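Peer 1: This is the structure I have questions about; it appears just below.
The values are calculated or read from the model by the stated rules, or taken from the named source; none is laboratory data. What you are looking at is a predicted structure, and each value in this text was computed from that prediction instead of being measured. Note that each Cβ is placed from the backbone with ideal geometry, even for glycine, and that neighbours are counted across all protein chains shown. The accessibility values were calculated without ligands, DNA or RNA, using every heavy atom of the protein model including side chains. Shrake-Rupley method; radii C 1.70, N 1.55, O 1.52, S 1.80 Å.
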Amino acid sequence: YSFETASNGTIPNELGLDGALSYRPLAGGSSGLAVIPGRWPQKKAVRLDGDSLEALAFPVERSFTVSAWVRLNGPGSFRGNNESTNGTLFSSGSGYTDGWRLTVMQPERTLVFSLGRPVERSFSVTSRATAPSLWQHLAITWDGQVMRSYADGQLIGCGDYSGSFTPAKNFRIGFANHGVGSVRMDIDEVAIFGRALLAGEVI
């Protein structure tokens, strides 16, 4: 998804396959999807907070990569459980009892990559802090054995996990609830792969 043709309706999959993103306004109404200047002149990106973009999940199971250019602008309008200022960047399902999610803890700006499990609940890997208010390339990978998080091509978190995985039916960018708040962020060039990219392929 490049967001060059972003509007209030749908955002197509640039590969021409199924999986167009649909805009979901925040609760209580919205002025529409915010399209903003991107990382260079004439480039476009989108800005999210309590709103989100959603598509049917791609058929990835025990090996996948999700990557995007992201600019974190602080805690969002919605708080998580116990008034926490964490926020969801990407998710499929809840990321707690099924699917996966990538969240950011504010104000520390640490990333948390979680795989949902029906019985034991999520298994998570926490990274070191990311940069505030700067465009960064973020990526998460899982090869069925090791979960990894990257920022600008550099490994910032990893953990061993080869247990069970329950795929979910949706893919979402931005606020997803499930006890996690929102984050003010700008986003561009979201890509999903049906395998775990190697370190040299991430960016």
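Peer 1: Within segment 108-119, count every residue that is in contact with a Gly (Cβ under 8 Å, 6 or more places away or on another chain) and part of a loop (DSSP other than H, G, I, E, B). Please lay out each step first, then the result.
Peer 2: Start the filter on segment 108-119 by keeping residues that are in contact with a Gly (Cβ under 8 Å, 6 or more places away or on another chain), which leaves 111, 113-117.
Restricting the remaining residues to those that are part of a loop (DSSP other than H, G, I, E, B) gives 116-117.
Count: 2.
Peer 1: Take the conditions under 28 Å from Arg79 (Cβ atoms) and of a type in the set (S, T, N, Q) and apply them to Thr130. Does it pass?
Peer 2: On the way: under 28 Å from Arg79 (Cβ atoms): yes; of a type in the set (S, T, N, Q): yes.
Against the criterion (under 28 Å from Arg79 (Cβ atoms) and of a type in the set (S, T, N, Q)), Thr130 qualifies.
Peer 1: Restricting to segment 35-67, what's the tally of residues that are outside any strand (DSSP E or B), open to solvent by 80 Å² or more (accessible area, probe 1.4 Å) and under 22 Å from Arg101 (Cβ atoms)?
Peer 2: Here is the first cut: in segment 35-67, the residues outside any strand (DSSP E or B) are 38-43, 49-51, 57-63.
Next, from what is left, pick out any that are open to solvent by 80 Å² or more (accessible area, probe 1.4 Å): 40-42, 59, 61-62.
When the remaining residues are screened for being under 22 Å from Arg101 (Cβ atoms), the result is 59, 61-62.
Looking only at that region, the number is 3.
Peer 1: Being of a type outside the set (A, V, I, L, M, F, W, C) and farther than 24 Å from Glu54 by Cα is the filter; apply it to segment 111-128 and report the residue that is farthest from the chain's Cα centre (by Cα).
Peer 2: Going residue by residue through segment 111-128, those that are of a type outside the set (A, V, I, L, M, F, W, C) are 114, 116-118, 120-122, 124, 126-128.
Filter once more, so that each one left must be farther than 24 Å from Glu54 by Cα: 120, 126-128.
On the way: Glu120: 23, Thr126: 15, Ser127: 15, Arg128: 17 Å.
Once the filter is applied, the top-ranked residue is Glu120.
Peer 1: Somewhere in segment 130-147, is a residue touching a strand residue (DSSP E or B) at 6+ places or on another chain (Cβ under 6 Å), under 23 Å from Pro59 (Cα atoms) and among the acidic types (Asp, Glu)?
Peer 2: No, every residue in segment 130-147 fails to be touching a strand residue (DSSP E or B) at 6+ places or on another chain (Cβ under 6 Å), under 23 Å from Pro59 (Cα atoms) and among the acidic types (Asp, Glu).
Peer 1: If Leu72 satisfies every condition in (1) out of contact with any Pro (no Cβ under 9 Å at 6 or more places or on another chain); (2) open to solvent by less than 20 Å² (accessible area, probe 1.4 Å); (3) part of a strand (DSSP E or B) but one, which is the exception?
Peer 2: All conditions pass for Leu72, except number (1).
Peer 1: Restrict the check to segment 129-140 and report whether at least one residue is assigned to a strand (DSSP E or B) and more than 14 Å from the chain's Cα centre (by Cα). Even if it seems obvious, please write down each step before you answer.
Peer 2: Going through segment 129-140, the residues assigned to a strand (DSSP E or B) turn out to be 129, 135-140.
Retained after the next criterion (residues that are more than 14 Å from the chain's Cα centre (by Cα)): 129, 135.
Within segment 129-140, one or more residues are assigned to a strand (DSSP E or B) and more than 14 Å from the chain's Cα centre (by Cα).
Peer 1: Inspect all residues belonging to segment 190-199 and state whether any of them is part of a strand (DSSP E or B), in contact with a strand residue (DSSP E or B) (Cβ under 9 Å, 6 or more places away or on another chain) and either open to solvent by less than 10 Å² (accessible area, probe 1.4 Å) or under 19 Å from Asn73 (Cα atoms) (or both). So that I can check it myself, show each step before the final result.
Peer 2: Of the residues in segment 190-199, the ones part of a strand (DSSP E or B) are 190-193.
Next, only the ones that are in contact with a strand residue (DSSP E or B) (Cβ under 9 Å, 6 or more places away or on another chain) stay: 190-193.
The next check asks that each one be either open to solvent by less than 10 Å² (accessible area, probe 1.4 Å) or under 19 Å from Asn73 (Cα atoms) (or both); those that pass are 190.
Within segment 190-199 (the criterion being part of a strand (DSSP E or B), in contact with a strand residue (DSSP E or B) (Cβ under 9 Å, 6 or more places away or on another chain) and either open to solvent by less than 10 Å² (accessible area, probe 1.4 Å) or under 19 Å from Asn73 (Cα atoms) (or both)), the answer is yes, since at least one residue qualifies.
Peer 1: Taking the condition of being surrounded by fewer than 21 Cβ atoms within 10 Å (Cβ to Cβ) and either in contact with an Asp or Glu (Cβ under 7 Å, 6 or more places away or on another chain) or basic (Lys, Arg) (or both), how many residues in segment 146-164 meet it?
Peer 2: Of the residues in that region, 1 qualify.
Peer 1: Hey, could you check segment 1-34 for residues that are assigned to a strand (DSSP E or B) and modelled with pLDDT of 85 or more and say which is farthest from Phe175 (Cα to Cα)?
Peer 2: If we filter segment 1-34 for residues that are assigned to a strand (DSSP E or B), which is where we start, we get 10-11, 21-24, 34.
Narrowing the set further to residues that are modelled with pLDDT of 85 or more leaves 11, 21-24, 34.
Working: Ile11: 17, Leu21: 14, Ser22: 13, Tyr23: 12, Arg24: 9, Ala34: 15 Å.
Out of the qualifying residues, it is Ile11.
Listed here are the residues, each with its yes/no results for (1) of a type outside the set (Lys, Arg); (2) farther than 18 Å from Gln136 by Cβ.
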residue: Tyr161; (1), (2): yes, yes
residue: Ala176; (1), (2): yes, yes
residue: Gly181; (1), (2): yes, yes
residue: Met185; (1), (2): yes, no
residue: Asp188; (1), (2): yes, no
residue: Ala191; (1), (2): yes, no
residue: Arg195; (1), (2): no, yes
residue: Ile203; (1), (2): yes, no
